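Here the structure comes first, spelled out in structure tokens, and everything after it is commentary.
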Amino acid sequence: MISKRLTWLMAPLLASLLVLAGCEKAPTPSEQANVLFDELFMEDLRESPEYMTYLGMRERYDEWDDYSQAATDKSIARSENHLAQLQAIDASTLDKSTALSLALYTQRLENGLADVQWRYHRYPVNQMRGMHAGIPSFMINQHLVANVEEAQAYIARIKGTEQLLADVIVDLNLRADKGVIAPEFAFSHSIRDSRNIIAGIGIAIEGDDAEENPILTDFKGKVAALELGAEVEADLVAQLNTALAEQMAPAYLKLIATLQDLGERAGGNFGVGRLPEGIAYYNNRLKRMTTTDLTADQIHELGLQEVTRIHGEMGQIMQSVGFEGDLQAFFEFIRTDEQFAFGDTDEGRAAYIADATAFIDNMRTRLDELFFTKPKAPLKVKAVEAFREKSAGRAFYQRAAPDGSRPGTYYANLSNMDDMRSYDLEALAYHEGIPGHHMQGSISQEQTGLPKFRRYGGYTAYSEGWGLYSEYIPKEMGLYEDPYSDFGRLSMELWRACRLVVDTGLHAQGWSREKATSYLTANTASNESANLKAIERYMVMPGQATAYKIGMLKILELREKARASLGDKFDIRAFHEVVLSNGAVPLNVLEDLVNDWVASTQG
């Protein structure tokens, strides 16, 4: 039975079914196919309580996803069944948009099934992601509480962490038995973060000086907002405290013990090339992340070329500001000069958030110059929570809930203000906010004419390519008025170019963590601690870092090719509409879409 809270998501599908059932005319093959696409999407969605919550739904609101090995096997079988249903569709009977949806959905399932051979190669717990950090992040940022029942669901989820983390431990040990163990540093970071997460619960753990557990603080705030009365509120808080002490904390302690054991077996820090069949796994990751057939060697060489080009453009800015010295000296100046510092204070952190918000708000007033369609979802800028700030990336974005219950969020990691200098704040705000991830993700999920798997799905090269492209287009609008901010833009692009070099170096060429860190320090303006943190990210997320620059270069290539073909008929707003209105797609599909638009515009 479908709950009333599902209505907003299911309404288009239900309407389609009613229309088709009530029409005298038989539904077209395209209509039938689009109904099926949404049925398959919803079948998968109902097996993921976490994703349902992420999309703003309250179905199975007291549950976590099932991370057992049996659930994974069930998911594989479901994908095989879905693929068989799609393969039964005659693509020649479909309209162009539906045929593309069929091809994308089919490819998505085929890739997923092909990747089953690598199901044990990813690291389920590391300093960047994993259920150890995902639990508090999810509860604080995703689990909203509008009534007593949803508060009880919150408590039930905290109780459910016992089984959740038990399944994670099984997964970790299975991988270790197969020779897949994360680098040593991933365990030390994850152990520290896990201890932070259960701090303030009242159990004896190393370094616990927390006044209150962050989950308890979150829950108390959400319950207090309900105005239920002191007695009901106190009872709910007591129930949560019991769940924290009796289910969650012991589960984390068992996880910590497992991580300590695996850390002793890790045997150093290295890329995935040293794992069993690691090079083949990495090559597959490059295909998935970039949606191209570029080899590791080609990506490495492209990175070296882009680093050289960007260094040259940086030299021009050095001259424009009258700096005397070489590029390395300018990097040191940028890293250390107090004019670019916000200060390691609450006031400095608030100033950073305020400035980032101001840049985004100003860009919002200029969108008509570049776009026909604008995002409807609201956006907020906030600092990364304390419990995960030591391990989290420098900045990241989380999509808004489609039903409007949660805004899009640009998270800035303000734990070390030396890493958050003013010179690249503007470019980072455009990347994460507008016209970057918030705009792209919101427009995608607001495309009601697309099947749901396209509205909510993603391809890293497309989304991160758009994010990096979004740092560039404000330059063409006359923004980055401060030359140091323009240097910051180039510094961000340089960072992504260097990623092509160090990611392939680490995973395909046997580079050490130290060699990769030294490369970043020698070639970028970032300080050594930030560079080490970045390299550790790339080591546990192989291939992901290559997607940004490759995606950006493809978007720019397609834009300039279209401009050359159309001449006076070229409209940047129409180009952006083609890129954004079709949802996230692989880069080769994006090229086809742009070529079709060019041909139709030419007439």
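The values are calculated or read from the model by the stated rules, or taken from the named source; none is laboratory data. Please read all numbers here as calculations on a predicted model, not as lab measurements. As a convention, Cβ positions derive from the backbone with ideal geometry for all residues, glycine included, and neighbour counts pool all protein chains shown.
With the requirement that a residue be in a helix (DSSP H, G or I) and at pLDDT below 95, what does region 523-535 give you? Don't jump to the end; show me each part of the working.
Taking region 523-535 first, the residues in a helix (DSSP H, G or I) are 523, 528-535.
If the condition is that a residue be in a helix (DSSP H, G or I) and at pLDDT below 95, then 528, 529, 530, 531, 532, 533, 534 are the ones that fit.
Please state which one of 251, 296, 243 is in contact (Cβ under 8 Å) with a residue 12 or more places away in the chain, in the same structural domain as residue 330 (by TED's automatic domain parsing), of a type in the set (Gly, Ala, Ser) and crowded, with 19+ Cβ neighbours inside 10 Å. Can you show your working first?
Working: 251 fails: in the same structural domain as residue 330 (by TED's automatic domain parsing); 243 fails: in the same structural domain as residue 330 (by TED's automatic domain parsing).
Answer to the check: 296.
For region 328-446, list the helices (runs of 4 or more DSSP H) that sit wholly inside it and hold at least 2 residues that are surrounded by fewer than 21 Cβ atoms within 10 Å (Cβ to Cβ) and in contact (Cβ under 8 Å) with a residue 40 or more places away in the chain; which are they? Spell out how you get there, then give the answer.
Numbers: elements: 346-364, 425-432, 437-445.
Where helices (runs of 4 or more DSSP H) fall fully within region 328-446 and carry at least 2 residues being surrounded by fewer than 21 Cβ atoms within 10 Å (Cβ to Cβ) and in contact (Cβ under 8 Å) with a residue 40 or more places away in the chain, they are 346-364.
Tell me, yes or no, whether region 216-235 has at least one residue that is assigned to a helix (DSSP H, G or I) and either closer than 30 Å to residue 512 by Cβ or touching an Asp or Glu at 6+ places or on another chain (Cβ under 6 Å) (or both).
Taking region 216-235 as the starting set, the residues that turn out to be assigned to a helix (DSSP H, G or I) are 216-224, 230-235.
Retained after the next criterion (residues that are either closer than 30 Å to residue 512 by Cβ or touching an Asp or Glu at 6+ places or on another chain (Cβ under 6 Å) (or both)): 223.
Yes.
Any idea which of (1) surrounded by 14 or more Cβ atoms within 10 Å (Cβ to Cβ); (2) among the aliphatic types (A, V, I, L, M); (3) assigned to a helix (DSSP H, G or I) is the one residue 257 doesn't satisfy?
Evaluating residue 257 over (1) surrounded by 14 or more Cβ atoms within 10 Å (Cβ to Cβ); (2) among the aliphatic types (A, V, I, L, M); (3) assigned to a helix (DSSP H, G or I) leaves (1) as the failure.
Can you confirm whether residue 121 is at pLDDT below 95 and closer than 30 Å to residue 188 by Cβ?
Numbers: at pLDDT below 95: no; closer than 30 Å to residue 188 by Cβ: yes.
Answer is no for this residue.
Looking at region 60-83, is at least one residue among the β-branched types (Val, Ile, Thr) and buried (at least 17 other Cβ atoms within 10 Å of the Cβ)? Before you say what the answer is, go through the steps one by one.
So the first thing to find is which residues in region 60-83 are among the β-branched types (Val, Ile, Thr), and the list is 72, 76.
From what is left, the residues that are buried (at least 17 other Cβ atoms within 10 Å of the Cβ) are none.
Checked against the condition, which is being among the β-branched types (Val, Ile, Thr) and buried (at least 17 other Cβ atoms within 10 Å of the Cβ), region 60-83 yields no hits at all.
Name the single residue that is nearest to residue 164 (Cα to Cα) among those in region 72-89 being aliphatic (A, V, I, L, M), out of contact with any Ser or Thr (no Cβ under 8 Å at 6 or more places or on another chain) and assigned to a helix (DSSP H, G or I). Please lay out each step first, then the result.
Filtering region 72-89 down to residues aliphatic (A, V, I, L, M) leaves 76-77, 83-84, 86, 88-89.
If we keep only those that are out of contact with any Ser or Thr (no Cβ under 8 Å at 6 or more places or on another chain) too, we end up with 76-77, 84, 88-89.
This time we only want the ones that are assigned to a helix (DSSP H, G or I), so: 76-77, 84.
Numbers: 76: 20, 77: 22, 84: 31 Å.
If we take residues in region 72-89 being aliphatic (A, V, I, L, M), out of contact with any Ser or Thr (no Cβ under 8 Å at 6 or more places or on another chain) and assigned to a helix (DSSP H, G or I), then 76 is nearest to residue 164 (Cα to Cα).
Go through (1) farther than 26 Å from residue 263 by Cα; (2) among the acidic types (Asp, Glu); (3) loosely packed, with under 15 Cβ neighbours inside 10 Å and name the single condition residue 177 misses.
Here residue 177 clears every test but (1).
If a residue has to be over 31 Å from the mean Cα position of the chain (by Cα) and aliphatic (A, V, I, L, M) to count, how many in region 317-358 make the cut? Reasoning before the result, please.
Of all residues in region 317-358, those over 31 Å from the mean Cα position of the chain (by Cα) come to 317-330, 333, 337-339.
Imposing the further condition that a residue be aliphatic (A, V, I, L, M) reduces the set to 317-318, 321, 327, 329.
Counting residues in region 317-358 that are over 31 Å from the mean Cα position of the chain (by Cα) and aliphatic (A, V, I, L, M) gives 5.
Return the total of residues in region 387-412 being touching a Leu at 6+ places or on another chain (Cβ under 6 Å) and aliphatic (A, V, I, L, M).
So the answer is 1.
Kindly indicate whether any position in region 134-143 is closer than 20 Å to residue 257 by Cα and touching a residue at least 12 places away in the same chain (Cβ under 8 Å). Walk me through it before giving the result.
Start the filter on region 134-143 by keeping residues that are closer than 20 Å to residue 257 by Cα, which leaves 134-136.
When the remaining residues are screened for being touching a residue at least 12 places away in the same chain (Cβ under 8 Å), the result is 135-136.
Yes, the conditions are met somewhere in region 134-143.
Could you figure out which of (1) assigned to a helix (DSSP H, G or I); (2) within 18 Å of residue 364 (Cα to Cα) isn't true of residue 481?
It is condition (1) that residue 481 fails.
Look through region 534-577, keep the residues that are without any contact (Cβ under 8 Å) to a residue 40 or more places away in the chain and of a type in the set (D, E, K, R), and return whichever of them is surrounded by the most Cβ atoms within 10 Å (Cβ to Cβ).
Going through the qualifying residues, I end up with 559.
How many residues are among the aromatic types (Phe, Trp, Tyr) and surrounded by fewer than 21 Cβ atoms within 10 Å (Cβ to Cβ) when one looks only at region 95-143? Break it down stepwise before answering.
As a first pass, look at region 95-143 and keep what is among the aromatic types (Phe, Trp, Tyr): 105, 118, 120, 123, 138.
In the following step, the residues that additionally are surrounded by fewer than 21 Cβ atoms within 10 Å (Cβ to Cβ) were identified as 118, 120, 138.
Going through region 95-143 one residue at a time, the tally reaches 3.
One residue is enough: does region 564-587 have a residue meeting the conditions β-branched (Val, Ile, Thr), in contact with a helix residue (DSSP H, G or I) (Cβ under 8 Å, 6 or more places away or on another chain) and under 29 Å from residue 330 (Cβ atoms)?
Checked against the condition, which is being β-branched (Val, Ile, Thr), in contact with a helix residue (DSSP H, G or I) (Cβ under 8 Å, 6 or more places away or on another chain) and under 29 Å from residue 330 (Cβ atoms), region 564-587 yields no hits at all.
I'd like to know if region 338-349 contains one or more residues that are more than 17 Å from residue 488 (Cα to Cα) and small (Gly, Ala, Ser).
Yes, because at least one residue in region 338-349 is more than 17 Å from residue 488 (Cα to Cα) and small (Gly, Ala, Ser).
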